[in-house]
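See below for the structure under consideration.
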Amino acid sequence: MRSVIRKIRRLLFAWQRLVPARFRWYKVHSQLVLICLTGIIFLNTLFGVYLGRFDFRRRKFVFSKLVTAYSFVMATIFVAYYIWHVYEEMSTGQLSRSHTIEIYCYMNVCVCLINYVTQWEKTSQIIGFQNSVPLFEILNSMDVSLKVVTKSFTYSIIKTIACPLIEYVALSLYQRRAHPELNWTSFATARTMLPVLVANQINNCFFGGLVIADLVVHAINRKLEDLVKEANMLQTPVQMGLHKPYYRMRRFCELADGLDEMVEKYYYCAILSKGYLRFTDWSMVLSMLMNLIGITLGFYNQYMAIADHYINEEPFDFYLSIVLLVFLSVPFMELVMVARISNQTLRETRKTGDLLQQIDLQNADVRFKQVVHSFWLHVSTINYKLVPLGLLELNTNLVNSVFSSVTGFLLILIQSDLTLRFSLK
């Protein structure tokens, strides 16, 4: 692990030479966030789901008529092409229930359509939200260890790059095996894969926001741990006998100033991460629904192939089954990653409240007591939970719920199929 961190540090130092002069004073984690944020905004604009742009002269995001025109053209071509393409494949018999991966990819066209509608309708709110977030001011004021930065950046790379790449390779192998009579090119594979990329783009934005929120709250808790130790140490009988009341009052005032800064950063982090959920809730719920349907259909088709092999003695394509299993495991892995980072952020926010309760206030300064009580009031009243559309809370229980739903649907479908098979005999 240490060798990996050293290599990453060397890459970061090499990257800093290529960073423009205006951003070189940014800390390492701020520069990484800037890179990821630039890439996400570029992809949102490229796919046509974002109608704004960044005005470098005014240094804020603004609504763009040119980008809006491009987005409308892009969305019209995208939706019209895929609706016609799916209709043509279904009418000619090229698309059937057994083509699991293709059906899953085309189902995401519905998610893309909803994403276009919801994101365009909330454009002014999204731009206002972006301009109200002091993101880099907060990040540059925090000290984050390279280990935590590496872990968070690895999560983002896996979610945004590795998962789509695995799906693309699996889709290429699946199409060449399932349709050997057709000449599948890289363009045809990319065409089938594009709805999945566009549908997951909004979810990737929310995932990146959670990674940043977890990064900030983790840094706050590290500073808070040191503050708790010092505040409790100043109230021990030994320290109270060594230091005069004026020194202790001055030191408690300095701790209160530091705690005031933490309160502001925590408030921004918790409120803004919960507020950003309302821009992505429809996309997340629909994506989970499509993943649920796609995974259930995929495993049911796997069962049908195995049943036909053992009951009807039909040939079983083991290679195609492995490729299908790899493709279906990627959406489930993405769901696990979202649930994991959500639960981790939730755990960090609760840890903040636990640390505040560990502060001994019996012999503390009055102002310090007020700041601690104010911080605790923020933590308790915010009640940090991520519940898109009020349906399912994003935590580790979400994975169990999806797994239970898939298992329940499969049992019903398999039981019905077996009943029908043996009743016919």
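The values are calculated or read from the model by the stated rules, or taken from the named source; none is laboratory data. Keep in mind it's a predicted model, so treat the numbers as computed, not measured. So basically every Cβ, Gly included, is an ideal-geometry build from the backbone, and we count neighbours across all protein chains shown. Quick note on the areas: whole protein, heavy atoms, side chains included, nothing else; ligands and nucleic acids left out. Shrake-Rupley method; radii C 1.70, N 1.55, O 1.52, S 1.80 Å.
Whether a residue is part of a loop (DSSP other than H, G, I, E, B) and either open to solvent by 30 Å² or more (accessible area, probe 1.4 Å) or in contact (Cβ under 8 Å) with a residue 24 or more places away in the chain (or both) was assessed, and residue 364 passes this test. Selection over the stretch 381-396 of residues that are touching a helix residue (DSSP H, G or I) at 6+ places or on another chain (Cβ under 8 Å), in a helix (DSSP H, G or I) and open to solvent by 60 Å² or more (accessible area, probe 1.4 Å) gives a count of 2.
Scan the stretch 377-384 and tell me whether some residue there is closer than 30 Å to residue 274 by Cβ and under 19 Å from the mean Cα position of the chain (by Cα). So far as the stretch 377-384 goes, yes, one or more of its residues are closer than 30 Å to residue 274 by Cβ and under 19 Å from the mean Cα position of the chain (by Cα). Looking across the stretch 320-341, just one residue is in contact with a Cys (Cβ under 7 Å, 6 or more places away or on another chain) and open to solvent by 50 Å² or more (accessible area, probe 1.4 Å), and that is 333. When residues in the stretch 371-380 are screened for being surrounded by fewer than 17 Cβ atoms within 10 Å (Cβ to Cβ) and touching a residue at least 24 places away in the same chain (Cβ under 8 Å), 2 of them pass.
Screening residue 121 with (1) closer than 21 Å to residue 53 by Cβ; (2) crowded, with 18+ Cβ neighbours inside 10 Å gives one miss only, at (2).
Does residue 254 satisfy the condition of being open to solvent by 30 Å² or more (accessible area, probe 1.4 Å) and at pLDDT below 75? No: the conditions fail for residue 254. Residues that are aliphatic (A, V, I, L, M) and either open to solvent by 40 Å² or more (accessible area, probe 1.4 Å) or touching a Leu at 6+ places or on another chain (Cβ under 7 Å) (or both) within the stretch 298-319 comprise 306, 311, listed in sequence order. Could you tell me whether residue 58 is out of contact with any strand residue (DSSP E or B) (no Cβ under 8 Å at 6 or more places or on another chain) and not in a helix (DSSP H, G or I)? So residue 58 fits the description; yes.
For residue 271, the conditions (1) within 30 Å of residue 117 (Cβ to Cβ); (2) in contact with an Asp or Glu (Cβ under 8 Å, 6 or more places away or on another chain) all hold with the exception of (2). Might you check whether a residue that is open to solvent by 80 Å² or more (accessible area, probe 1.4 Å), at negative phi and modelled with pLDDT under 80 occurs anywhere in the stretch 74-89? Within the stretch 74-89 (the criterion being open to solvent by 80 Å² or more (accessible area, probe 1.4 Å), at negative phi and modelled with pLDDT under 80), the answer is yes, since at least one residue qualifies.
Applying the criterion of being among the charged types (D, E, K, R) and modelled with pLDDT of 80 or more to the residues of the stretch 342-361, the residue that is surrounded by the fewest Cβ atoms within 10 Å (Cβ to Cβ) is 354.
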